[in-house]
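The values are calculated or read from the model by the stated rules, or taken from the named source; none is laboratory data. What you see is a predicted model; the values in this text were computed from it and never measured. Note that each Cβ is placed from the backbone with ideal geometry, even for glycine, and that neighbours are counted across all protein chains shown.
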Amino acid sequence: MRLSKKTLRLGIFGAMLALALPTSGIAFAASNPVLLVVGASPGGDTDRLARGIAKEMAPLLKQPVIVENKPGAGGNIAAEYVARSAKDGNTLLVSYSSFSVNPSLYKHLPFNPEKDFSPISMLAEVPAVLVARKDFPASTVAEAIRLSKAAPDKYSFAIGGVGSSVHMATASFEMQAGIKGLNVPFNGTTPALQALLGGQVDLMFATAANVMPFLNSGRLKYLGVTSEQPMPQFPGVPPIGATLKDFSSKAWFGMFAPAGVPRARIEQLNRAVVEGAHHASFGQLIVPEGGAVVTMAPDELSRFVTADIKRYAQIVKFTGASPQ
């Protein structure tokens, strides 16, 4: 039987369409800009890292990559927006440690952090520094613990945001040291640090970037760092883990897509993030301030988040904190 030219053309077109279907999601994704949604205000660490990785990813993906800030509710507004976005891999979340903290901190989340997202990669980790007012009667972690045990609730910890990574560092320190200080919450790191500098509170966990400018001013005491190893930015300041065995606390930053994005697209995004994050220009955003570039495979980040949620559940329970 001879086929007409029209029938042959339709058959060829159908075959080509069938071959195109498995990768059509990727082709569609590449035709649009990528939006990185950040659940924090412009200018902070999360925003800076998002804009830095956007710059590195764009030429690798051959797509424009733009950043949009949706701050509020500890990052939950941005996370919900991304969880409900299209599954084409063009709307992504750049989040931070609160992604693991919030399931225990908030009674009802409008999304499930383990089921409604496809992890792409971690971006970085940032340790904190335990600092004290300049006339605090202790100059080491061991001395601070002894004072606090002798007088529970006498010495105060400034908290730069309920549920923040530095809040969790404070709680982890109290849990492991077996102490209970007076926690004084502030609406952000800046007012908390100003209260410490003014002598209105005794102690505070802060990111390196926040307290580096005061290192040689005599206005603060530097008791310890939350990294496993000493930080070159703070010479002579030991890891807290040298006193409290295995103590470590770091803020982390990572990228997520909504659940349901094709695996091939997730792997494509992961390759772009991993390569881009290890460019020197991205590292300069975080390494000079004591942070480290850390990347992961999607499955590795998924396991990390699951374990982190469980770990923070115990810490949040210890604090008794709830969002205001």
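Within the stretch 126-149, the residues that satisfy the criterion of being in contact (Cβ under 8 Å) with a residue 40 or more places away in the chain, hydrophobic (A, V, I, L, M, F, W, C) and not in a strand (DSSP E or B) are Phe136, Ala138, Val141, Ala142, Ala144, Ile145.
For the stretch 182-212, which residues satisfy the criterion of being over 22 Å from Ser227 (Cα atoms) and in contact with a Phe, Trp or Tyr (Cβ under 8 Å, 6 or more places away or on another chain)? Matches in the stretch 182-212: Leu182, Asn183, Val184, Ala195, Leu197, Val201.
Yes/no matrix, rows are residues, columns are (1) assigned by TED's automatic domain parsing to the domain that holds Arg133; (2) farther than 22 Å from Gly161 by Cβ; (3) surrounded by 18 or more Cβ atoms within 10 Å (Cβ to Cβ):
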| position | (1), (2), (3) |
| --- | --- |
| Pro191 | yes, no, no |
| Gln200 | yes, no, no |
| Val225 | yes, no, yes |
| Glu228 | yes, yes, no |
| Pro232 | yes, yes, no |
| Val237 | yes, yes, yes |
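Within the stretch 171-200, the residues that satisfy the criterion of being part of a loop (DSSP other than H, G, I, E, B) and either of a type in the set (D, E, K, R) or within 30 Å of Gly43 (Cβ to Cβ) (or both) are Lys180, Gly181, Phe186, Asn187, Gly188, Gly198, Gly199, Gln200. The residue pairs whose first member lies in the stretch 95-111 and is part of a strand (DSSP E or B), whose second member is acidic (Asp, Glu), and whose beta carbons are closer than 9 Å, counting only pairs six or more residues apart or on different chains, are Tyr96/Asp45. Just checking, how many residues over the stretch 249-287 are without any contact (Cβ under 8 Å) to a residue 24 or more places away in the chain, among the β-branched types (Val, Ile, Thr) and over 20 Å from Arg51 (Cβ atoms)? Counting residues in the stretch 249-287 that are without any contact (Cβ under 8 Å) to a residue 24 or more places away in the chain, among the β-branched types (Val, Ile, Thr) and over 20 Å from Arg51 (Cβ atoms) gives 0. Pairs meeting the criteria (first residue in the stretch 73-91 and in contact (Cβ under 8 Å) with a residue 40 or more places away in the chain, second residue surrounded by fewer than 19 Cβ atoms within 10 Å (Cβ to Cβ) and among the polar types (S, T, N, Q), beta carbons under 6 Å, at least 6 apart or on different chains) are Asn90/Asn32; Thr91/Ser85. The requirement of being under 20 Å from the mean Cα position of the chain (by Cα) and surrounded by 14 or more Cβ atoms within 10 Å (Cβ to Cβ) is not satisfied by Gly241.
Residues are listed down the side, and each one gets a yes or a no for (1) modelled with pLDDT of 95 or more; (2) surrounded by 15 or more Cβ atoms within 10 Å (Cβ to Cβ):
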| position | (1), (2) |
| --- | --- |
| Ile120 | yes, yes |
| Arg133 | yes, yes |
| Phe136 | yes, yes |
| Val141 | yes, yes |
| Pro152 | no, no |
| His167 | no, yes |
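Of all residues in the stretch 83-97, those satisfying the criterion of being surrounded by fewer than 24 Cβ atoms within 10 Å (Cβ to Cβ) and within 17 Å of Val38 (Cβ to Cβ) are Ala83, Arg84, Ser85, Asn90, Thr91. Every condition in (1) out of contact with any strand residue (DSSP E or B) (no Cβ under 7 Å at 6 or more places or on another chain); (2) closer than 19 Å to Ser95 by Cα holds for Phe247 except the one numbered (2). In the set (1) modelled with pLDDT under 95; (2) on the phi < 0 side of the Ramachandran plot, Asp246 fails one condition alone, (2).
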